[in-house]
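Report on the structure given below.
The values are calculated or read from the model by the stated rules, or taken from the named source; none is laboratory data. As the structure is a computational prediction, the values presented were derived from the model and not from experiment. Positions of Cβ are generated from backbone atoms using ideal geometry, with glycine treated the same way; all protein chains shown enter the neighbour counts. Side chains are part of the model used for accessible areas, which takes the heavy atoms of the whole protein and leaves out ligands, DNA and RNA. Shrake-Rupley method; radii C 1.70, N 1.55, O 1.52, S 1.80 Å.
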Amino acid sequence: MTARKNVPIIKPTEGSMFDAVLARLDIASKIYGLSEDVTMILRSPQKAVKVSLPIMMDDGKMHMFEGYRTIHSTILGPSKGGIRYAMDVNDEEVKALSAWMTFKCAIANLPYGGAKGGITCDPRTMSEGELERLTRGYTVALADVFGVDHDIPAPDMGTSAREMAWILDAYNKVHRSDFPGVVTGKPVGLGGSLGRETATGRGIMVATFAALKKMNLDPKKVTAAVQGFGNVGLNSARFLHEHGIKVCAIGDHTVTLWNPKGIDIAAAIKYTKENKGVLKGFTGGVEIKNSELLTADVDVLVPAALQNVITKEIAVDIKAKLIVEGANGPTTPEADEILQKKGIIVVPDVLANSGGVTVSYFEWIQNKYGNYWTEEEVNIKHDASMNAAFETVWNNGQQYKTTMRIGAYITALKKLEMGINAKGHY
Ligand code: NAD
């Protein structure tokens, strides 16, 4: 395998989220010099399951939901990936997210492949009882796909420890077992790991500090904007704020706020806890448009809500010097090119938000050993793992004279290529 150096920027084509995965995969494969056989294997998910879920709603009417689980790869180990509840969940999106999990686990040096699941639903409009029946129905339908050494789900957008506890219970009832390791992100009392809930946000903070160091920027003089105030956004804002970075803009689906003096993140968190999890009504800043957060005059931008928000139109106006991707797929391939030309450093999703799956792995190990770690132990191991992954990705970006995103893909490709070739073919 020979690496080709000084490859010019390759213009990707516009398309679906999975096309965005393939665009980056193709660029990285060409720069690295990956064989066509290995590229072909990585372009096709191993397995995709779609299930129909008839659920009795509280009003006595039956509603049919669609659920998905895609296993992109088990080359490096059992597949791992979250379950998303949102209205725009579809097979293309789940396929893209599953492929990103393969790359993410490889980059984070975890012995896992990649998968993703989801249900097309609006969890914000459903009662707890409806969500529980839906989650149990989904788990029973996929009881032969999930498995502690096969495919291990976790939370993602719209799901949390509560849903993971239902998955655990439904799975174990089907299999007449009681083992907790089939799902991660569980409540701590049911075998969940300390530090898991906040891990993705913590990872964003570690990646931000690692990038600022490379850029010779003093964190104490740096400002940030964070889009999304759910699991990833809230915890990213909290850790950045607690470590001395001034967070000047935050926002969720209800409101976006700006305060050049810095938003009181602790007060914002308290407010959302008391107000159904949303920021609407919080008075810690003036209201701005959602898109204005992305182009705000700050040093660090953390998109931690939705995919495809940094489009080529937005990219042109971005003022941040550093983007740390909390969400999966927040930047389109067309925007990548503009950001690269503007010299903006992007810590890509497959590295930046890998803190969650890293601590999910720690949870799985703890379940297997039946031996539980303190939060401090979890955090120390997490930070070390995140910093090591950052360094490897950074070095690959430098070595192949490319962006951190393509450097990250190359990091994954090296491991996946080794796995595919060592296991052999039939
Ligand atoms: P979440 O459901 O906990 O929170 C989502 C947040 O996004 C909410 O604050 C919501 O109000 C906000 N939002 C929704 N629509 C918005 C809009 N139009 N404008 C602004 N904000 C909007 O989800 P999460 O777990 O924080 O996931 C967010 C992203 O991070 C997703 O892309 C997910 O795949 C990714 N991610 C999550 C984890 C994890 O451990 N939860 C790990 C890695 C990556």
Please identify the trypsin sites (Lys or Arg not before Pro) of the stretch 30-129 that satisfy two criteria: DSSP loop assignment and at most 10 other Cβ atoms within 10 Å. Which are they?
-> Lys61
In deg cm²/dmol and to the nearest 500, what is the mean residue ellipticity at 222 nm of the chain if only DSSP H runs of at least 4 residues count, each as -39500 (n - 2.57), divided by the residue total?
-> -14500 deg cm²/dmol
Sorted by chain and number, the residues with a modelled amide H under 5 Å from that of Ala224, at a separation of 5 or more or across chains, are Lys246, Val247, Cys248, Ala249, Asp299, Val300
Which is farthest toward the positive dipole end of the stretch 45-182 among Pro123, Trp166, Met64, measuring Cα position about the Cα centre, with Cβ charges +1 (Lys, Arg) and -1 (Asp, Glu)?
-> Trp166
Over the stretch 199-343, give the accessible area per residue in Å² for a 1.4 Å probe, as an integer.
-> 41
Where labels lie 7 Å past Cα in the beta-carbon direction, separation of Lys47 and Asp149 in nm | 1.5
Place a +1 charge on the Cβ of each Lys and Arg in the stretch 45-182 and a -1 charge on the Cβ of each Asp and Glu, then give the dipole magnitude about the Cα centre in debye, rounded to the nearest 20.
-> 340
For Lys319 and Asp297, compute 0.36 nm times the residue count separating them, minus their Cα-Cα distance, and round to one decimal in nm.
-> 7.4 nm
Taking a probe of 1.4 angstrom, what is the accessible area of Thr295 in Å², to the nearest 10?
-> 30
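Which value does Rg/Rh take for the chain over its C-alpha atoms, Rh per Kirkwood?
0.95
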For His425 and Asp122, FRET efficiency with R0 = 60 Å and r from the beta-carbon atoms, rounded to 0.05?
-> 0.90
Step through the table entries Lys80/Lys273; Lys50/Lys116; Lys95/Lys273; Lys270/Lys381; Lys261/Lys381; Lys312/Lys342, compare each Cα-Cα distance with 22 Å, and write down the pairs that go over it.
-> Lys80/Lys273; Lys95/Lys273; Lys270/Lys381; Lys261/Lys381
Proximal lysines to Lys276, defined as alpha-carbon separation beneath 25 angstrom and excluding residues fewer than eight positions away on the same chain | Lys186, Lys289
Express in whole angstrom the spacing between the alpha-carbon centres of the stretch 327-347 and the stretch 58-100.
-> 26
Quote to one decimal, in nm, the extra length available between Lys312 and His253 on full extension: 0.36 nm per residue of separation minus the C-alpha distance between them.
-> 19.1 nm
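Let's see if you can work this out: charge +1 on each Lys and Arg Cβ, -1 on each Asp and Glu Cβ, no other charges. What is the dipole magnitude of the stretch 199-343 about its Cα centre, in debye to the nearest 20?
Computed charge dipole of the stretch 199-343: roughly 420 debye.
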Rounded percent of accessible protein surface that carbon and sulfur make up, the chain, 1.4 Å probe | 53
Check: the chain dipole with +1 on Lys, Arg Cβ and -1 on Asp, Glu Cβ, in debye = 960
